[in-house]
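Take a look at the structure below.
The values are calculated or read from the model by the stated rules, or taken from the named source; none is laboratory data. Quantities reported herein were computed from a predicted structural model and do not represent experimental measurements. Because the Cβ atoms are built from the backbone with ideal geometry, glycine has one as well, and the counts that use them run over all protein chains shown. The area values use the complete protein model at the heavy-atom level, side chains included, leaving out ligands, DNA and RNA. Shrake-Rupley method; radii C 1.70, N 1.55, O 1.52, S 1.80 Å.
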Amino acid sequence: MHCSLRRDSGLPLRKRERAWELHLKGLNQFKIAEELGVTQQRVCQLIKEAAAQHPVVAMSTEERIALSEARWQQSEDEIK
């Protein structure tokens, strides 16, 4: 079965965004599934879809390294 995103209702997009948000907060896929009322397998799909659209995907390896280093430095500065 092929899954298509229906943009007319916005519901699948909201679930994908919420799944991504909860994933970034560290919740496991089973907890996210419970929160969204879907299966763990669907959560996996939603996270993959969200990750594929993340801006970092379009960055080169060098750009990713630079971004990572900049964020690390920012975190260190906040701790001081």
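Results, tabulated for the structure shown:
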| item | result |
| --- | --- |
| Pairs where the first residue, in region 60-75, is charged (D, E, K, R) and the second is open to solvent by less than 70 Å² (accessible area, probe 1.4 Å), C-beta under 8 Å, 6+ apart | ARG64/VAL56 |
| Criterion violated by GLY26 - all others in (1) part of a helix (DSSP H, G or I); (2) at positive phi satisfied | (1) |
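Quick grid of which residues meet (1) modelled with pLDDT of 95 or more; (2) among the hydrophobic types (A, V, I, L, M, F, W, C); (3) surrounded by 12 or more Cβ atoms within 10 Å (Cβ to Cβ):
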{"residue": "PRO12", "(1), (2), (3)": "no, no, yes"}
{"residue": "ALA19", "(1), (2), (3)": "yes, yes, yes"}
{"residue": "HIS23", "(1), (2), (3)": "yes, no, yes"}
{"residue": "LEU27", "(1), (2), (3)": "yes, yes, yes"}
{"residue": "PHE30", "(1), (2), (3)": "yes, yes, no"}
{"residue": "GLU35", "(1), (2), (3)": "yes, no, yes"}
{"residue": "VAL38", "(1), (2), (3)": "yes, yes, yes"}
{"residue": "LEU46", "(1), (2), (3)": "yes, yes, yes"}
{"residue": "ALA50", "(1), (2), (3)": "no, yes, yes"}
